[in-house]
1. Tally Lys and Arg at +1 and Asp and Glu at -1 over the other residues with C-beta under 11 Å from the C-beta of Q149: what net charge comes out?
2. List the residues whose amide H sits under 5 Å from the amide H of N120, counting only those 5 or more places along or on another chain, with H placed 1.01 Å from N in the peptide plane.
3. Could you give each residue of region 103-117 its phi-based ³J(HN,Hα) in whole Hz, using Karplus coefficients 6.51, -1.76, 1.60 with θ = phi - 60°, and x for Gly or Pro?
4. On a straight-distance basis, which aspartates and glutamates could pair with K202 in a cross-link, Cα separation under 16 angstrom, same-chain partners fewer than 8 positions away excluded?
5. Once you charge only the Cβ atoms, +1 for Lys and Arg and -1 for Asp and Glu, what is the size of the charge dipole of region 129-223 about its Cα centre, to the nearest 20 debye?
6. Along the charge dipole of the chain, which of Q72, C138, G36 sits closest to the positive end, that is, farthest toward it, with unit charges on the beta carbon of Lys, Arg, Asp and Glu (+1, +1, -1, -1)?
7. Of Q149, L11, Y196, which is farthest on the positive side of the dipole of the chain, counting Cα position, with +1 on Lys and Arg Cβ, -1 on Asp and Glu Cβ, and the Cα centre as origin?
8. Based on other C-beta atoms within 10 Å, arrange I95, I224 from fewest to most.
Amino acid sequence: MSRTSIPDGWLGAQPKMGELKMRVDSHRDAEFKVRGDNEVKIKLKTGLPVKVVTKLTQVSTDTDLPQFVLTQRKDKDSLTFYVAFPDNGFYKFQIFSLEESSESESLPNVYNYLVEVSDNYKPPTGYVKTYTKFYTDCCWLERPRSLHQGSPRLDDVQFELRVPGAQKVAVHCGEEWFHLSEKDGQWEGRADLDRYKGKDAKVTVNANYNKDDNSYSVLLEYRI
């Protein structure tokens, strides 16, 4: 594969990165290769609490792939991006960020990666959809990061995540609720979703923050 051309200054840190006191915590080279795999985990440290959006682009088709990026944070000092690649070739991964306290909805570009993927024969798998509250509350999903009609063992799907401040956490699909149990700060449990396979059924993970009522906030959404 021939390297795609990019403008001077596009790779790596952009001016706003320093203002936000952000720094790279994993992939320090802004241009790197992924060989024989279809996923990478990129980590950043943040000196200030920030809000963030990303843009993953497959260069050969100029197609944006938002479903192949999962953004998480365990605290307000770090960010983790799970980035997946549906095919071999070059990808641009751009990170946009601003102080979390800012009311502006226009986030400046802070860092850009160019990734070359080769020898990857794994099937493409998109990530779960996250809702705003999942990010703002520093929730953290251990599993499953991906769930679809082709996933193995849909009759016994294991869920494990951290939801600060939650009183109850439950998985919902169709008319069924599967309640998770809290153990050492983690919410864990299993759900039998096999009957919904191939029906484009929506599976959500929901949290209740007041034990005296039954209202739930949606944190995560899958489709099977």
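Just so you know, all these numbers are worked out from the coordinates, no wet-lab data involved. Note that this is a predicted model, so its numbers are computed, not measured. A quick note on method: Cβ atoms are made from the backbone with ideal geometry, for glycine too, and the neighbour counts reach across all protein chains shown.
1. +1
2. Answer set, sorted by chain and number: G36.
3. With coefficients 6.51, -1.76 and 1.60, one gets 8, 5, 9, 9, 9, x, 5, 10, 7, 10, 10, 10, 10, 10, 10 Hz.
4. D155, E175, E176, D192, D194, E221
5. About 320 debye.
6. G36
7. L11
8. In increasing order of surrounding Cβ atoms, one gets I224, I95.
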